[in-house]
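Only the coordinates and a few stated rules stand behind these numbers; no lab work does. Predicted model only: the values in this text are computed from it and were never measured. As a convention, Cβ positions derive from the backbone with ideal geometry for all residues, glycine included, and neighbour counts pool all protein chains shown.
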Amino acid sequence: MLSLWVIASHFADKGRLFPTPWEVAAALSDMLVTGELVRDVVASARRALVGFVVGGTLGILMGYATGRNRLLDDSFGSLFQMLRPLPPISLVPLLILWLGINEPAKYVLVSFGVFFPVWINTHQGTRAVDPRYIWMAQSLGASRQKLAFEVILPAALPMIVSGLRTSIGVAFFCLVAAELAGAMDGVVFRMNLSQLAFRVDRLIAGLLVLGSISLISDTLFVRFINVAFPWLNGPGNAHDAKSA
Amino acid sequence: MIKVDSLSFSYPGEAIFDGLTTSIDSGEIVSVVGPSGRGKSTLLLLLAGILKPSAGNIEIDGVTRSVASQEIGLVFQDVALFLWKSVIGNVLFGRRAGASPATRARANSLIASVGLTGHEHKLPSQLSGGMQQRVALARVLANDPRVVLMDEPFGSLDTRTRWAMQDLVLSLQCERNFTIVLVTHDIDEAIYLSHRIFALPKDTDRLEEVVVPFPKPRIREGIMREPGYATLRNRLLELQ
């Protein structure tokens with residue numbers, strides 16, 4: 001892969017539009033030394049994390065509510081299904097008008113993108129819980145709260161985890177839209193500046209950093225799930241976080 | 001005592017029971033046999049208070065039941081345990097069991113009584129099918145139920161494990177004197193375990209009650225040589 005990159009950069013426009021790997025590494029090193037890389041990574045990671053936590057939490061709560069309550073499903077289900085296919089980027093003009101280009105607008109955009117995969121998976125997961133689990137719990141005297149937290153949500157967890165994992169990628173997708181719409185720091189903001197300055201080496205360095213953050217986030221998430229919920233990887237369980 | 005009085009129940013477009021009346025004594029073991037789809041599991045769910053009859057009622061010790069109750073324990077075949085809870089977590093799930101030191105000690109003693117000491121902190125996925133059914137039994141017994149309803153609990157076990165589980169159920173029932181209603185496809189299992197067998201014949205809404213005439217305790221190897229065993233077995237097969 002690296003060899004192909006070297007060859008391609010040699011023949012393509014004398015490296016101007018296609019810098020060599022070491023030119024990209026030098027740009028990365030430069031960004032690291034000046035401290036702007038750390039600042040941008042922290043800003044982008046914070047936006048992705050806040051959006052993921054807020055959107056994920058709301059997705060799980062609403063998914064449980066619409067999955068287990070027909071009235072709430074009738075009230076909100078159609079609305080969510082209508083909003084779900086909308087690309088988050090289509091919300092940018094409205095969010096700028098409502099919230100400006102400050103941090104809350106970015107959090108809302110990422111949360112919006114994260115919400116729907118988590119909501120639909122939690123909705124389907126809680127709806128598909130084997131009724132025998134619920135009957136057993138009821139016959140053992142489980143309260144509504146115990147039924148929700150100790151039976152239905154754990155039984156739906158494989159689906160919820162799938163939704164959360166999908167939404168990690170969506171969070172970074174939305175982050176790109178959020179930072180392109182207006183920001184003063186962040187990895188994508190820096191890539192945008194690099195494009196205007198025709199610094200393709202810094203642009204590619206930004207792409208590599210963004211991809212790396214996304215990969216690290218996914219790896220940390222899978223490790224957390226494996227430690228927190230070891231039973232998810234047990235034989236007979238459909239979900240296998242290690243191989244997913 | 002369980003009293004079923006003029007019980008009717010139907011799924012959309014299909015009547016399952018129409019005016020069913022019967023009773024089961026305290027401490028009695030009754031098996032329910034019949035072809036698939038005839039309503040064996042439905043009868044258990046009605047007795048458990050999970051399904052509501054369209055007419056008639058069910059009394060347990062003189063009290064009409066219409067909701068699930070801790071006095072009635074449920075054991076299923078393939079969804080025996082909460083996969084996300086350890087053995088001790090499953091046994092402590094019932095509200096009565098709680099988590100005080102006394103109830104924890106009681107849970108440990110129940111786990112010991114089903115022969116699983118040393119496995120308390122294992123997940124269900126780390127146990128064999130027979131061990132999972134033992135935990136399911138211990139979990140139900142942690143609530144001191146008066147009635148245990150079992151829906152083909154040993155259907156997926158190999159013969160040797162199934163026999164061991166049948167003997168374990170008999171010894172626990174003898175010790176605690178709870179009533180058992182057991183749905184099974186295995187006629188030999190029904191005869192070995194039960195005082196009476198309820199057969200739900202195909203294409204009728206009748207319930208045939210057959211008394212198992214062999215005295216208890218029974219010896220597995222001996223019971224098949226009892227005079228009348230083959231006749232009883234054939235009669236039950238014909239009723240299915």
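Rg and Dmax of the stretch A:43-181, using alpha carbons, in Å: what are they?
16.7, 55
Residue by residue through the stretch A:83-91, which ³J(HN,Hα) values in whole Hz follow from phi under the Karplus form 6.51 cos²θ - 1.76 cosθ + 1.60 (θ = phi - 60°), with glycine and proline marked x?
3J(HN,Hα) across the stretch A:83-91, in whole Hz: 7, 4, x, 5, x, x, 5, 5, 8.
Would you mind ranking A:Y133, A:Y64 by Cβ crowding within 10 Å, fewest neighbours first?
The most exposed by this proxy come first: A:Y133, A:Y64.
What do you get for Rg/Rh over the stretch B:39-147 if you use C-alpha atoms and the Kirkwood form of Rh?
A ratio of 1.02.
Report P(r) for chain B: all Cα-Cα distances, bin width 10 Å, range 0 to the bin holding the largest distance, values in whole percent.
7, 31, 35, 21, 5, 0
In chain A, which whole DSSP H runs stretch at least 18 Å along their own axis (Cα) and average 1.0 or higher on the Kyte-Doolittle scale?
Helix filter hits for chain A: A:153-180, A:200-228.
Normalised by the residues of chain B, what does the relative contact order come to in percent, with Cα pairs under 8 Å and at least six apart?
25
Could you compute the FRET efficiency for A:A128 and A:A25, with r as their C-beta to C-beta distance and R0 at 45 Å, rounded to 0.05?
It comes to 0.40.
Wrap a convex hull around the Cα atoms of the stretch B:1-63, take a quarter of its surface area, and give that in square nanometres.
It is 4.3 nm².
Tell me, what is the percent relative contact order of the stretch A:43-181, built from C-alpha pairs under 8 Å that lie six or more residues apart?
38
For the stretch A:121-244, with equal point scatterers placed on the C-alpha atoms only and solvent neglected, what are the log10 I(q)/I(0) values from the Debye formula at q = 0.12 1/Å, to two decimals?
Reported log10 I(q)/I(0), two decimals: -0.62.
In what sequence do A:L49, B:L116 fall when counting other Cβ within 10 Å, fewest first?
Least crowded to most crowded, the residues run A:L49, B:L116.
Per residue of the stretch B:133-142, what does 6.51 cos²θ - 1.76 cosθ + 1.60 with θ = phi - 60° give for ³J(HN,Hα)? Whole Hz please, x for Gly and Pro, Karplus curve as stated.
So the Karplus estimates, Gly and Pro as x, are 5, 5, 5, 4, 5, 4, 5, 5, 5, 4 Hz.
Report D for chain A in µm² per second (integer): Stokes-Einstein, Kirkwood Rh on Cα pairs, 10 °C, 1.306 mPa s.
D, rounded to a whole number, is 79 µm²/s.
How large is the translational diffusion coefficient of the protein assembly as shown in µm² per second when you combine the Kirkwood radius over alpha carbon pairs with Stokes-Einstein at 10 °C and 1.306 mPa s? The partial results should precede the final answer.
Numbers: Rh = 26.7 Å.
The Stokes-Einstein estimate is 59 µm²/s.
Which whole-angstrom value gives the distance between the alpha carbon centres of the stretch B:208-228 and the stretch A:150-189?
For the stretch B:208-228 versus the stretch A:150-189, the Cα centre distance is 64 Å.
Spelling out what I want: for every residue of the stretch B:36-47, take phi, set θ = phi - 60°, compute 6.51 cos²θ - 1.76 cosθ + 1.60 (Karplus), and round to whole Hz; glycine and proline get x.
4, x, 8, x, 4, 5, 4, 4, 4, 5, 5, 5
Rounded to the nearest 0.05, what FRET efficiency is calculated for A:F11 and A:V38 with R0 set to 30 Å and r the Cβ-Cβ distance? Intermediate results must be reported in sequence, preceding the final value.
On the way: r = 35 Å, r/R0 = 1.16.
For A:F11 and A:V38, the calculated efficiency is 0.30.
For B:V183, what residues show an amide H to amide H distance below 5 Å, using hydrogens built from the backbone and excluding near sequence neighbours?
For B:V183, whose amide H was placed from the backbone, the distant partners under 5 Å are B:V32, B:M150, B:D151, B:E152.
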